[in-house]
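Right, one structure below, let's go through it.
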Amino acid sequence: MTMLPFTRPAIGEEELQAVREVLESGWITTGPKSLALEQALADYVGGGVQVRLFNSATSALEASLLVAGIGPGDEVIVPAISFVATANVVLRVGARPVFVDVDLRSRNLDAAAVAAAVTPQTRAVIPVHFAGLAVDMEPLYALAEKHDLLVLEDAAQAIGSEYQERKVGASGNPVCFSFHPNKNMTTIEGGAVASNDADFLDRLEQVRFHGMDKDSEGNIDIVAWGGKMNLPDVNAAVGLAQLARLDGFNRRRRELVQQYFQRLSASDVLVLPVDAAGHSWHMFCVCIDHNALGKTRAGILSLFNEHGIAVGTHYPAIHLFSLYRQFGYGVGDFPVAERIGEQTLTLPLFPAMTEADVEQVCATVTAIVSGRL
Ligand SMILES: Cc1ncc(COP(=O)(O)O)c(C=O)c1O
């Protein structure tokens, strides 16, 4: 039996040719292809922003926090449901992550939850556009302005998404993207920051590469601490080929998702995600209440596997990881995040999937939630 994976990168002749060209060019690390991808991403996102590439979204988020001067004694508000990198980067710069609960269907945080978590130590909030669904940013901007907070958008899952008919990334805030292989476009590993603040962008470049500054005559100076977070041109070349195909990929994702919605019915046992204009559908995540069905989640995962379907579990609630329990967090703090963490399943979704694949997944979901399996 061949397994249907929950995701698969769309690599074609364009990417293979692009990699070959760079490898044969004699310049394979950061160079002209990276510059070209930064410009292409800035043009794609719009809003007059500029883009700086990183070797991951984790690096992009960490560098953004460092440049913003966030560190020991500061608190940063993050959602309790995200990939753990969203919180880890806060710890990395010496600040304290403060978690808030999320909505069951959108999995996004909202301004009311953030407002309740603000203290005199709060310096920033990191909204995560979960699975490609934009957070409702307007009330968050108002709150951030009131309390003088940095809004650092974690758009790792949201390349191509829109908020109020503008691309996520065009806000002018620092906005971080991921190009990990699971994402809607990939550079194998890689990330980026979009911003409209020239000084912030200059300082990001320094943090990205050894704290180095160059004058117009090419003399170098080391002006700040910097790491090694640059993206090689081989990866950037893959990104250029992928970006050219991104809108097509996202269109296909939306078509497949419409089929999921047509074939699945929400119930007490099955929670379906929010549909919205501008969603780029990085993932299609549902919750299945395995307790109500008299099953364990491991049992549910096995049923999918037995039917040739691999499903993901994005994500466990971050505050319940051992590292974060050390900050005093525990079971019961964020009930919605905890329910998602226990019951979430990521159904297969990637551009090369067929309608028959969706049908097979939906037949299995329906059989499970109706107790037939
Ligand atoms: C919400 C979120 N933030 C950050 C990251 C980190 O991205 P990267 O793997 O590029 O470091 C991911 C990756 O899955 C993510 O989903």
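In debye to the nearest 20, how big a dipole does the chain give about its Cα centre with +1 on each Lys and Arg Cβ and -1 on each Asp and Glu Cβ?
Using Cβ point charges on Lys, Arg, Asp and Glu, the chain gives about 940 debye.
So what's segment 142-221 giving for Rg/Rh, alpha carbon basis, Kirkwood Rh from the mean inverse pair distance?
Over the Cα atoms of segment 142-221, Rg/Rh equals 1.06.
Taking 7 Å along the Cα-to-C-beta vector as the label spot, tell me the Arg254-His147 distance in nanometres, rounded to one decimal.
The two pseudo-label positions are separated by 3.4 nm.
Build a GNM of the chain with springs between Cα atoms under 10 Å: which of Ala111, Ala317, Ala277 gets the top mean-square fluctuation?
Most flexible of the set in this elastic network: Ala277.
Suppose the chain between Ala36 and Arg8 were pulled fully straight at 0.36 nm per residue; how much longer would it get relative to their current alpha carbon spacing?
My answer for the length gained is 7.5 nm.
Report the antiparallel proportion of the DSSP beta bridges in the chain as a percent, rounded to a multiple of 5.
60 percent
How far apart, in nanometres, would the label points at Asp197 and Asn291 be if each is projected 7 angstrom from Cα along the Cα-to-Cβ direction?
A separation of 4.3 nm, rounded to one decimal place.
Build a GNM of the chain with springs between Cα atoms under 10 Å: which of Met212, Met283, Met229 gets the top mean-square fluctuation?
Met212
Considering all alpha-carbon pairs of segment 228-310, what whole percent are spaced by more than 14 angstrom?
Here the tail beyond 14 Å accounts for 75 percent of pairs.
Can you sort Thr2, Thr354 by solvent-accessible area, 1.4 Å probe, largest first?
Largest accessible area first, the residues go Thr2, Thr354.
Would you work out what percent of the accessible area of segment 246-369, with all protein chains in place, is carbon or sulfur (probe 1.4 Å)?
Solvent-exposed carbon and sulfur of segment 246-369 make up 52 percent of the total.
On C-alpha positions alone, give me the angle between the axis of helix 233-263 and the longest principal axis of the chain, in degrees, nearest 10.
30 degrees
So, for the chain, what is the accessible surface per residue at a probe of 1.4 Å, expressed in square angstrom?
Value for the chain: 42 Å² per residue.
Translational D (Stokes-Einstein, µm²/s) of segment 246-369 at 20 °C and 1.002 mPa s when Rh comes from the Kirkwood sum over C-alpha pairs?
Once the numbers are plugged in, D ends up at 137 µm²/s.
As a test of understanding, state the convex hull volume per residue of segment 177-288 from its alpha carbons, in Å³.
Output value, Cα hull per residue: 159 Å³.
Pick out, in residue order, every one of the chymotrypsin sites (Phe, Trp or Tyr not before Pro) in segment 1-98 that is DSSP loop and has at most 15 other C-beta atoms within 10 Å; say none if there are none.
For chymotrypsin sites (Phe, Trp or Tyr not before Pro) across segment 1-98 that sit outside H, G, I, E and B with at most 15 neighbouring Cβ atoms in 10 Å, the list reads Trp27.
Over all Cα pairs of the chain, how is the pair count split among 10 Å bins, expressed in % and running from 0 up to the last occupied bin?
5, 23, 32, 25, 12, 2, 0, 0
Once both axes come from the Cα atoms, what is the angle between helix 137-147 and the longest principal axis of the chain, in degrees from 0 to 90, rounded to 10?
50 degrees
For segment 13-240, which whole percent of the accessible surface, found with a 1.4 angstrom probe, sits on carbon and sulfur atoms?
51 percent
How long is the gain from Ala310 to Gln326 if the chain were fully straight, where each residue apart is worth 0.36 nm and the alpha carbon distance is subtracted?
Extra length available between Ala310 and Gln326 comes to 2.5 nm.
With each run of n ≥ 4 DSSP H residues scored as -39500 (n - 2.57), what mean residue ellipticity at 222 nm is computed for the chain after dividing by its residue count and rounding to the nearest 500 deg cm²/dmol?
-12000 deg cm²/dmol
For helix 355-369, what angle does its Cα long axis make with the longest principal axis of the chain, in degrees from 0 to 90 and rounded to 10?
It works out to around 60 degrees.
In debye, nearest 20: dipole of segment 31-145 around its Cα centre with unit charges on the Cβ of K, R (+) and D, E (-)?
360 debye
Counting alpha carbon pairs within less than 8 Å and at least 6 residues apart, what relative contact order, in whole percent, applies to segment 276-373?
Rounded, it is 39 percent for segment 276-373.
In bins 5 Å wide, starting from 0, what share of all Cα pairs of segment 1-99 does each bin hold, as a percent?
Using 5 Å bins, I get a P(r) of 2, 10, 13, 14, 15, 15, 14, 10, 6, 2, 0 for segment 1-99.
Through the Karplus equation 6.51 cos²θ - 1.76 cosθ + 1.60, θ set to phi - 60°, convert the phi angles of segment 34-39 into ³J(HN,Hα) values in whole Hz; use x for Gly and Pro.
5, 4, 5, 5, 4, 5
Placing +1 on the Cβ of each Lys and Arg and -1 on the Cβ of each Asp and Glu in segment 13-240, which of Gly94, Ala158, Thr186 has its Cα farthest towards the positive end of the resulting dipole?
Projecting each Cα onto the dipole axis, the largest value belongs to Gly94.
For segment 318-332 and segment 158-202, compute the distance between their C-alpha centroids and round to whole Å.
Using only Cα atoms to place each centre, the spacing works out to 29 Å.
The values are calculated or read from the model by the stated rules, or taken from the named source; none is laboratory data. Keep in mind that this is a model prediction, so the values were computed, not measured. When we count neighbours, we look across all protein chains shown, and the Cβ atoms used for this are built from the backbone with ideal geometry, even at glycine. Just the protein is used for accessible areas: all its heavy atoms, side chains included, with ligands, DNA and RNA removed. Shrake-Rupley method; radii C 1.70, N 1.55, O 1.52, S 1.80 Å.
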